[in-house]
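Notes for the one structure printed next.
The values are calculated or read from the model by the stated rules, or taken from the named source; none is laboratory data. If you're wondering where the values come from, they're calculated on a predicted model, not measured in any experiment. Virtual Cβ from ideal backbone geometry, glycine too; neighbours counted across all protein chains shown. Remember, those area values only see protein heavy atoms, side chains included, never the ligands or the DNA or RNA. Shrake-Rupley method; radii C 1.70, N 1.55, O 1.52, S 1.80 Å.
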Amino acid sequence: MTAVIVRSATNVEDGARTRASRILHGGWLLVFAVAAPGLLESVPLAAPAGVLLHAGWKLLPVRAVAALWRSHRGEAVVLLATASAIVATNLFECVLAGLGLAVAKAAWETSHVHIEPVWEGEELAPADPG
């Protein structure tokens, strides 16, 4: 999953327009994994985690989060909680946490829907101003 996020961000920044960029990226990863597994094992896990965090930060402008907070606070809470879970746990667990929060938010919003039936030929009474 990390490779997909980083690859997408890099390709968008560098103006890639074809699928060849995706294929080449995957090919290079395969070459390094097969040719130098010992070298890859010596890379601290924090290094690719830092790359992922940096790529994710560049994909989401701070102004967009502020606007999301003003317009859809529940969505912003899910986003921020999921991003926090990435730092605290691992990517798989944070995706599950974000999905769970999104489902809970949708269930909460759905449970608070107010429906007023209006029968055919019946007009809705005006609301009482006082």
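Quick notes
- Figure legend. Inter-residue proximity from region 12-25: first residues polar (S, T, N, Q), second residues open to solvent by less than 50 Å² (accessible area, probe 1.4 Å), beta-carbon distance below 8 Å, spacing 6+ or different chains. Indicated pairs: Ser21/Arg7; Ser21/Asn11.
- Output for region 58-107, where each listed residue is touching a Lys or Arg at 6+ places or on another chain (Cβ under 7 Å) and not hydrophobic (A, V, I, L, M, F, W, C): Gly74
- Any hit, region 103-120, residues being surrounded by 12 or more Cβ atoms within 10 Å (Cβ to Cβ), touching a residue at least 12 places away in the same chain (Cβ under 8 Å) and either in contact with a Ser or Thr (Cβ under 9 Å, 6 or more places away or on another chain) or not basic (Lys, Arg) (or both): no
A quick yes/no check of all residues on (1) within 23 Å of Asn90 (Cα to Cα); (2) at pLDDT 80 or above; (3) of a type in the set (Val, Ile, Thr):
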| position | (1), (2), (3) |
| --- | --- |
| Val4 | yes, no, yes |
| Ser8 | yes, no, no |
| Asn11 | no, no, no |
| Ser21 | no, no, no |
| Gly26 | yes, no, no |
| Val31 | no, yes, yes |
| Ala36 | no, yes, no |
| Leu40 | yes, yes, no |
| Val43 | yes, yes, yes |
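- Cβ pairs under 6 Å, 6+ apart, first in region 52-67 and surrounded by 12 or more Cβ atoms within 10 Å (Cβ to Cβ), second among the small types (Gly, Ala, Ser): Ala55/Ala9; Leu59/Ala9
- Here the condition is being at pLDDT 85 or above, closer than 30 Å to Pro48 by Cα and within 30 Å of the chain's Cα centre (by Cα); of Ala83, Ala102, it holds for Ala102 alone.
- Scope region 34-51; condition open to solvent by 100 Å² or more (accessible area, probe 1.4 Å) and either of a type in the set (A, V, I, L, M) or closer than 27 Å to Asp14 by Cα (or both); matching residues: Val34, Leu39, Leu45
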